[in-house]
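Accompanying notes for the structure given below.
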Amino acid sequence: MDNPESVIMNFNPLHRTTGRPAVLRLTAGVASVWMVAALLAACQTPAQSPATATVTEAEPALISASATQAATKPITESITTTNPVTGTTTAGLAAPAPARLGMTQQRADGNRLAAGRGSLPALTLLDIPLDGPPAWVVAAPLDDGALWVVALADGAIQAFMVKDNVATPSSITPASLPPGAPPLLVVEDGQARLVQPAGASPLTAPVLFGADGLAFIDKQGALVIQQGGETTTLDVNALPDARILVDEADRLLLLTDPTPRYDHGVLGDGLEAGAIALVETRPAPRLARTIVIPEPRVVEGIAPIWADLDGDGRREIIVTLSGYETGAQVVAYNEDGTVRATGPAIGQGYRWRHQLAVAPFGPDGETELVDVLTPHIGGVVEFYALEGDTLTVVAQQPGYTSHVINTRNLDMAVAGDFDGDGRVELLLPDQVRGELGAVRHQDGGATVAWTLPVDGQVATNVAAVTLADGGLAAAVGRADGVLRVWQP
Ligand SMILES: [Ca+2]
Ligand SMILES: [Ca+2]
Ligand SMILES: [Ca+2]
């Protein structure tokens, strides 16, 4: 397989990079350490037990058991002290500046959680006119500002350097991606590029890992892995729009075995996942484990969230299972394929819930999961606490949405400390997508801490970026062709 068609964007001096692969480590700073004993009334319907999954192989990996000596941050580190964005360099290399990635799902592990501290409610907003309606927004820190890249609905790409509340258009190639394709932005050594591998599925994005690794889903559903000058193709039968997740051990996780057996069909096609594949890339790529979802249920989504829900230092694989009789239910698997915890099932088919993030959302910084229940028909933000092997909904906030029916944009919400008070909010559109609300779980329940005006309709993912000084910026693309940016 050819090298990826990397494209280089020049800033300041007009020189091209060599296309040298990005060097990155993925910081795992997510969950709060403290899983306090649950004080909340156990008033939720008991979780339905999913049938035991079929599993191949075993041996879950400790998050801290990286194969390298790299100074990977532990997943138990609090978000408020997490280093901006991603990373440290791989041990043994000559320490080039770490690459900064911009991806629509915010983090490589699928957890839509931005590091850093923001001051969004106090910022002057910046409106940038676009050449057409936008589909996706990604950003990466650059110098003292941020580079914002927008993929328009027709696939055209526009880029803007934003600094000191001024936006400067920047040329970036390719000039377009396939319509609908989510961009992967890499900024390295002061230069930016989009990664667009030849032969990749246009319905999803590639990922980078390790010192020089690239992985993508090809048009036949195979997982193509390039590293060290070698290409390996694994016939994993990927979901065509599966997002590939990456952990600190350079393992990959993705949804596979597309099936039409549950025909809800609200996420852009009639196929959902019948299995989850865990792939190792060291010392050589191999399919390490497959978790098969028992029929008739499916994973209704495009990626798990791969996060440490219970604070034991190991990641859980969090998915939303759906079926005709049960409706949607959040289920957390251990990496060995056993079920760690289950949430409540809706109890009827054709009702979705959209899992979004794991973060210290709780009133005392407890790790909680957040989703939006039925985002298409009156969405309700739900915070879940882990109580034994049950994910219990402990707070709810109606009036919000995180998904437009029949689209593949599952990134219309992001978590972070956007107002700098040390607490994590979920930032997402209200039901008509006319403003953004910061929904928080505090003592007494969920609340809308503050709102941000959109003055139009949100048409893209909600994008956030951690700046070089640890500050936070956010942006959305509007249906009328405007990128609205909140950046200090
Ligand atoms: Ca699908
Ligand atoms: Ca865990
Ligand atoms: Ca906050």
Within segment 229-321, strands (runs of 3 or more DSSP E) holding 2 or more residues that are surrounded by 23 or more Cβ atoms within 10 Å (Cβ to Cβ)
252-259, 272-280, 305-307
With the condition kept exactly as written, say whether any residue in segment 381-393 is more than 16 Å from ligand 2 (Cβ to nearest atom), part of a loop (DSSP other than H, G, I, E, B) and in contact (Cβ under 8 Å) with a residue 12 or more places away in the chain.
no
Could you identify the single residue in Ala275, Ala307 that is within 14 Å of ligand 1 (Cβ to nearest atom), closer than 18 Å to Val331 by Cα and in contact with a strand residue (DSSP E or B) (Cβ under 7 Å, 6 or more places away or on another chain)?
Ala275
Looking at segment 211-261 only, could you name the residues that are closer than 20 Å to Leu321 by Cβ and over 19 Å from the mean Cα position of the chain (by Cα)?
Val236, Asn237, Asp257, Pro258, Thr259, Pro260, Arg261
Identify the residue in segment 413-422 that is assigned to a loop (DSSP other than H, G, I, E, B) and more than 10 Å from the chain's Cα centre (by Cα) and, among all such residues, is nearest to ligand 2 (Cβ to nearest atom).
Gly422
Reported set for segment 199-223 where residues are in contact with a Phe, Trp or Tyr (Cβ under 9 Å, 6 or more places away or on another chain) and in a loop (DSSP other than H, G, I, E, B) is Gly199, Ser201, Thr204, Ala205, Pro206
Kindly indicate which of Pro360, Pro283, Pro294 is more than 16 Å from ligand 1 (Cβ to nearest atom) and in contact with a helix residue (DSSP H, G or I) (Cβ under 8 Å, 6 or more places away or on another chain).
Pro360
Out of the residues in segment 405-453 that are touching a helix residue (DSSP H, G or I) at 6+ places or on another chain (Cβ under 6 Å) and hydrophobic (A, V, I, L, M, F, W, C), which is nearest to Tyr350 (Cα to Cα)?
Trp450
Residue hits (segment 390-446; on the phi > 0 side of the Ramachandran plot and within 16 Å of ligand 1 (Cβ to nearest atom)) are Asn406
Give just the number: which of (1) without any contact (Cβ under 8 Å) to a residue 40 or more places away in the chain; (2) among the polar types (S, T, N, Q); (3) in contact with a strand residue (DSSP E or B) (Cβ under 7 Å, 6 or more places away or on another chain) does Thr342 not satisfy?
(1)
For residues that are out of contact with any Ser or Thr (no Cβ under 9 Å at 6 or more places or on another chain) and of a type in the set (A, V, I, L, M, F, W, C), tally how many sit in segment 396-423.
4
Looking at this structure, is Asp143 of a type in the set (Asp, Glu) and at pLDDT 95 or above?
no
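The values are calculated or read from the model by the stated rules, or taken from the named source; none is laboratory data. The shown structure was predicted, so the numbers you read here are calculated from the model rather than taken from an experiment. Note that each Cβ is placed from the backbone with ideal geometry, even for glycine, and that neighbours are counted across all protein chains shown.
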